[in-house]
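The values are calculated or read from the model by the stated rules, or taken from the named source; none is laboratory data. Quick caveat, the model's predicted, so the values are computed rather than measured. Cβ sites come from the backbone with ideal geometry, for glycine too, and all protein chains shown count toward neighbours.
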Amino acid sequence: MRARLAVVFILGRLLDHKAAVLQPKPHKRELGKFLEHAGLFVRVMDSTLGETLVLQRALGALGARYFDGERVLFPQAAANLDELVLRLGEIGELYNRAVGEPLSARKHAGLVARTVADWEPKVTEAVEQTVAYLVDRAKAEALLVCGEVNAAADVMAKHV
């Protein structure tokens, strides 16, 4: 929730100053501050969207793998993650249309926020790793309950 508020706050600040900065000859100090805020927005947006997508997809993968596609694990959290991914995607698209693309056209590369589609290849790999870790952790905990400490350590050794 805090990350979402930070993203919205930074985007609001950017949009407030957009007109002054995107004119033909903006004031250098204003432009510098604006570019700094745009960079901050892109970094916060990237980390927030990336981590949220991994969590969302990992919950979905676990549900598909072990619960016949049902959302048995954390159903309310899964619904909240779906909503958060949707809203973050919308915020990123709004930023790109209003700020990122005009800055990119002015030779300020790297200030376009990545979208959900941009994240897909990286998220797929991260989800596989996350699901493997969670499954191995569940196995290790089951082994610990049965008193098999060495076997549990062996299962988790690849994640250390």
All positions within region 29-60 that are farther than 17 Å from V112 by Cα and among the acidic types (D, E): E30, E51
Lone unmet requirement of (1) closer than 22 Å to G32 by Cα; (2) in contact (Cβ under 8 Å) with a residue 60 or more places away in the chain for L62: (1)
Meets criteria (in a loop (DSSP other than H, G, I, E, B), surrounded by 18 or more Cβ atoms within 10 Å (Cβ to Cβ), in contact with a helix residue (DSSP H, G or I) (Cβ under 8 Å, 6 or more places away or on another chain) and of a type outside the set (D, E, K, R)) for A58: no
Residues being within 23 Å of L59 (Cα to Cα) and either surrounded by 15 or more Cβ atoms within 10 Å (Cβ to Cβ) or in contact (Cβ under 8 Å) with a residue 24 or more places away in the chain (or both) - total across region 144-160: 3
Odd one out for R71 among (1) within 30 Å of F34 (Cα to Cα); (2) among the basic types (K, R); (3) modelled with pLDDT under 85: (1)
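Yes/no matrix, rows are residues, columns are (1) among the aliphatic types (A, V, I, L, M); (2) within 25 Å of L40 (Cβ to Cβ):
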{"residue": "D68", "(1), (2)": "no, no"}
{"residue": "A98", "(1), (2)": "yes, yes"}
{"residue": "S104", "(1), (2)": "no, yes"}
{"residue": "A151", "(1), (2)": "yes, no"}
Every residue from region 50-81 that is acidic (D, E) and in contact with a Gly (Cβ under 9 Å, 6 or more places away or on another chain): E70
Evaluation of G110 against (1) at pLDDT 85 or above; (2) surrounded by fewer than 18 Cβ atoms within 10 Å (Cβ to Cβ); (3) outside any helix (DSSP H, G or I) (one fails), failing number: (1)
Where a residue in region 73-97 is assigned to a helix (DSSP H, G or I) and its partner, wherever it lies, is among the polar types (S, T, N, Q), with Cβ under 6 Å and at least six apart: L81/Q56; L84/T52; V85/T52; V85/Q56; G92/T115
